[in-house]
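What follows is one structure encoded as structure tokens, with my remarks underneath.
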Amino acid sequence: MKIILMGPPGSGKGTQASYIASFAGVNSVSSGDLFRDNLARDTELGRLAKTYMDQGKYVPDNVTIDMVMSWIEAPANKEGFVLDGFPRTLMQAEALDDRLSELGGVDKVILFNVPEVELVKRLSGRILCRKCQMPFHKEFSPPKNDGECDKCGGELFQRDDDTEVVVRKRLKVYTEETDPVVDWYRKTTNIVEIDGSQEIRDVEASLNEALR
Ligand SMILES: [Zn+2]
């Protein structure tokens, strides 16, 4: 099974990646994992990516694609894998398809759908302890005392990245980038849409159905 997972930040896609991977008996990887791994092992691709990151520039698609392909071509991943959040742009999707043609292409694309209002609620409710970094959520896992860390009593604050304005902007960028990818997979591959706003047990049941 060669599976691609797509879904906006906050859709729970990352959490489900390992569930799907163990269900399908394959490994999963995100592009973040690959960057960290290549940097840690100081590979040629890792050093190349770092030259862009050090200048505050985006790592070009071809570098990311090479990292993904060298992971896929490892003996443990050749027969099947879960890619979490890659490809993210149409160019990446086309390049991946091209490079995968020898391996038989992608079997399934799983798309997590969550209404924007729910994503904003999930992502903009995150707060952190200033002292010990313990995470809370205003709605889903609030601290016992308002504005105070349960663990160390430190002050809770919201990162700039998690404010509603920034969250909405991130979601907009995500949609603009990935809508063409979704359209393209609709035409070329077997795409399954999962309602990511359900309870986790129901999400897993939908996934079992999709993976059968
Ligand atoms: Zn704390």
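Coordinate-derived values only; no laboratory data. Nothing here was measured: the structure is a model prediction, and the numbers come from that model. Every residue, glycine among them, receives a Cβ derived from its backbone with ideal geometry; neighbour counts consider all protein chains shown.
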With angles folded into 0 to 90 degrees, how steeply does helix 200-211 sit against the dominant principal axis of the chain? Use alpha carbons for both and round to 10. 0
For the chain, take the longest principal axis of its alpha carbons; what is the angle in degrees between that and the long axis of helix 90-100, to the nearest 10 within 0 to 90? 50
Filtered hits (lysines, Cα-Cα < 27 Å from Lys151, offset >= 8 within chain) -> Lys121, Lys131, Lys138
Which of rounded, prolate, oblate describes the stretch 1-122, given a ≥ b ≥ c as roots of the alpha-carbon gyration tensor eigenvalues and a/c under 1.5 marking rounded, otherwise prolate only if a/b is larger than b/c? oblate
Phi-derived 3J(HN,Hα) across the stretch 119-133 with the Karplus relation (6.51, -1.76, 1.60, θ = phi - 60°), rounded Hz, x for Gly and Pro, is 4, 4, 4, 5, 7, 8, x, 6, 10, 10, 7, 5, 8, 10, 6
On C-alpha positions alone, give me the angle between the axis of helix 13-24 and the longest principal axis of the chain, in degrees, nearest 10. 50
Could you go through the stretch 48-62 in sequence order and give the Karplus-derived ³J(HN,Hα) for each residue, using 6.51 cos²θ - 1.76 cosθ + 1.60 with θ = phi - 60°, rounded to whole Hz, and x for Gly and Pro? 5, 4, 5, 4, 6, 4, 4, 8, x, 9, 5, 6, x, 3, 5
Full-extension gain in nm, Asn62 to Val166, via 0.36 nm per residue minus C-alpha separation: 34.6 nm
With the dipole of the chain defined by +1 on each Lys or Arg Cβ and -1 on each Asp or Glu Cβ, the option from Val181, Pro135, Met91 whose Cα lies farthest towards the positive pole is Pro135
Checked the stretch 159-212 with the C-alpha gyration tensor, a ≥ b ≥ c its square-rooted eigenvalues, rounded below a/c of 1.5, otherwise prolate if a/b is larger than b/c and oblate if not; verdict oblate
